[in-house]
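For reference, the structure discussed in these notes is given below.
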Amino acid sequence: MAGYILALDQGTTSSRAILYDDHARPIKMAQQPTTLQTPKAGFVEQDAQQIWQTQISCAHDVINQAGLLATDVTSIAITNQRESIVMWDKQTGKPLAPAIIWQDRRTADYCKTLAAEGASSMMNDSHDDVASEVQRITGLRLDPYFSASKIAWLLENNPKLSVRASRGEIAVGTIDSWLIYKLTGGEHVIDVTNASRTLLYDIHKLAWSDELCARFAIPMNILPKVLPSDGDFGKTKKGLFAKQIPIQAVLGDQQAALFGQGCLDAGMAKNTYGTGCFMLMNIGQKPRLSEHKLLTTIAWQRKSTPTCPDNLSFDQIVQSGKRILQLPKKEVTYALEGSVFMAGAIVQWLRDNLGMIQKSSEIEELALQVDSSEDVVLLPAFTGLGAPYWRSDISASITGMSRGTTKAHIARAALEAVAYQTYDVLIAMQKDSPHPLTELRVDGGAANNDLLMQFQADLLDVPVLRPRDTEITAKGAALLAGLKTGLYDEATMQASWQVDRIFEPKMSSDVREQHLDKWQRAIDRALTSL
């Protein structure tokens, strides 16, 4: 079956479009930057029209670059920045306010007030505060990071919008909803993975929560209809392309990366090494609330499951492959998620603030000048520590230095700090999950650092797998669309994910414990010094 998947990847700083052929290989990519605006302290906004215009422009550009016609495109897949919201007029389709981006912190006080309220009308005897009830229903933390308080802020600070909302005249949604509305000319829908990031969605009942919509004073009639990740999201409106193209897969960006990395079995995890780190672990078909300050989220919900190729049984495929991609066996899959605030940003700090290197890529060569960081530990709490500590009051520090300490020791300690933080989060995940970690699949810029990846494998005592194709987010959405349409099958998925390098753990248990003890002592010193 011939055809192409058009993957739209709408991120925080750019819109991209990538075309994948019938073997799930990327053939062309188009990209345009988008502009973040910070009109006040804590405010992070974007022009919703710019998001749309750059995204549709990239879609047309990539088809033209490939020398194809829209009639060659089988399906559209969408992946997007999560938690960011747009509010628009249902009739005209015009945005009614700037898009509020996931990084926005304007509702921090609002969330603190909610958290301090204690018992309320939405509570029952088994829950004693709003935060725990929020976690029970959504799997998330009560935090301005998520969508609900952003929507509530728009309604509270714009009385006319509140009135119009009560009349059912406005629509609100995450970025996938906004793009689908514009692409189709009127469909008001959302994918379940994005819905699960709003702080309004019950991940157990798979429905909008009446209690939380009431808590945030958000009318349910302004919310989009929730569809499975491989649902039928509508077709592009007439005139937008030479034919009406169906939209058949939508995933939030980190869930798309989990799918694209082939983490389709419970216990499999991926880590994206960017400015920070986003870690997701597949925990299977039952949601499990974290007891270690992680998030529980929907990884994907599949409406259909394609069959195996005619010439192979599913068991034969499993037995023949070393690490092949297996399809999820049930409809809904859940994940645990944790974030590290400072990963690649540590290297940027060494480059820009200390001038230790000229380019970030030089960090590995510098670190390799010494065999060990010795007693040096860099605690990268420049904005506090994220999961599983969630301590905003801890400051960054470098400890264990001596007269013999060089910048090479500090560089090595910086890379080790990324691995230590990842270790802490993944250990918390394993405590929350009944499934043992068998391997870690990695992507992102810092995943190209061999020294870091080897140290990560040594700390976790499991193999770290780095794929050849690093455009994992767009690929994940494209793969789901291809499976939905029948353009791809398991064999296609197996061939599309290829290992660049496997980092096998080599460190002895004694040495590993020495490293971890050194890190934990640095954490303890920071905690006790407050």
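The values are calculated or read from the model by the stated rules, or taken from the named source; none is laboratory data. Remember, predicted model here, so these are calculated numbers, not experimental data. All Cβ positions, glycine included, derive from the backbone under ideal geometry; neighbour counts span all protein chains shown. We work out accessible area using only protein heavy atoms, side chains counted, and drop any ligands, DNA or RNA first. Shrake-Rupley method; radii C 1.70, N 1.55, O 1.52, S 1.80 Å.
Return the residues of segment 155-194 that are farther than 18 Å from Leu6 by Cβ, open to solvent by 30 Å² or more (accessible area, probe 1.4 Å) and among the small types (Gly, Ala, Ser); say none if nothing qualifies.
Once the filter is applied, which keeps residues that are farther than 18 Å from Leu6 by Cβ, open to solvent by 30 Å² or more (accessible area, probe 1.4 Å) and among the small types (Gly, Ala, Ser), segment 155-194 yields Ser162, Ser166, Gly186.
Only one residue in Glu187, Glu156 is in contact (Cβ under 8 Å) with a residue 24 or more places away in the chain and in contact with a Ser or Thr (Cβ under 8 Å, 6 or more places away or on another chain). Which one?
Glu156
Find the residue count for segment 334-356, including only residues that are out of contact with any Leu (no Cβ under 6 Å at 6 or more places or on another chain), within 30 Å of Leu280 (Cβ to Cβ) and not aromatic (Phe, Trp, Tyr).
The number of residues fulfilling the criteria is 12.
Test of understanding: among Ala417, Ala413, which residue is among the aliphatic types (A, V, I, L, M) and under 30 Å from Tyr334 (Cα atoms)?
Ala417
Considering only residues of segment 199-218 that are touching a Ser or Thr at 6+ places or on another chain (Cβ under 9 Å) and open to solvent by less than 40 Å² (accessible area, probe 1.4 Å), which is nearest to Ala299 (Cα to Cα)?
Ile203
Identify all residues within segment 470-495 that are touching a His at 6+ places or on another chain (Cβ under 7 Å) and either of a type outside the set (A, V, I, L, M) or at pLDDT 95 or above (or both); write none if there are none.
The answer is Thr492, and nothing else.
If you check Thr38, Thr71, Thr13, Thr34, which single one turns out to be within 28 Å of Ala242 (Cβ to Cβ), open to solvent by 10 Å² or more (accessible area, probe 1.4 Å), without any contact (Cβ under 8 Å) to a residue 24 or more places away in the chain and of a type outside the set (Phe, Trp, Tyr)?
Of the residues listed, the single one that is within 28 Å of Ala242 (Cβ to Cβ), open to solvent by 10 Å² or more (accessible area, probe 1.4 Å), without any contact (Cβ under 8 Å) to a residue 24 or more places away in the chain and of a type outside the set (Phe, Trp, Tyr) is Thr34.
For a quick check of your reading of the model, give me the residue pairs whose first member lies in segment 102-124 and is open to solvent by 60 Å² or more (accessible area, probe 1.4 Å) and part of a loop (DSSP other than H, G, I, E, B), whose second is modelled with pLDDT of 85 or more and acidic (Asp, Glu), with beta-carbon atoms closer than 7 Å and at least 6 apart or on different chains.
Partner pairs satisfying both residue conditions: Trp102/Glu83.
Could we say that Gln285 is open to solvent by 20 Å² or more (accessible area, probe 1.4 Å), touching a residue at least 40 places away in the same chain (Cβ under 8 Å), of a type outside the set (A, V, I, L, M, F, W, C) and over 22 Å from Thr422 (Cβ atoms) here?
yes
Return the only residue of Val464, Val442 being closer than 20 Å to Ala256 by Cα, under 24 Å from the mean Cα position of the chain (by Cα), open to solvent by less than 30 Å² (accessible area, probe 1.4 Å) and modelled with pLDDT of 95 or more.
Of Val464, Val442, the one residue that is closer than 20 Å to Ala256 by Cα, under 24 Å from the mean Cα position of the chain (by Cα), open to solvent by less than 30 Å² (accessible area, probe 1.4 Å) and modelled with pLDDT of 95 or more is Val464.
Which of the residues spanning segment 61-83 are out of contact with any strand residue (DSSP E or B) (no Cβ under 8 Å at 6 or more places or on another chain) and at negative phi?
Asn64, Leu69, Thr71
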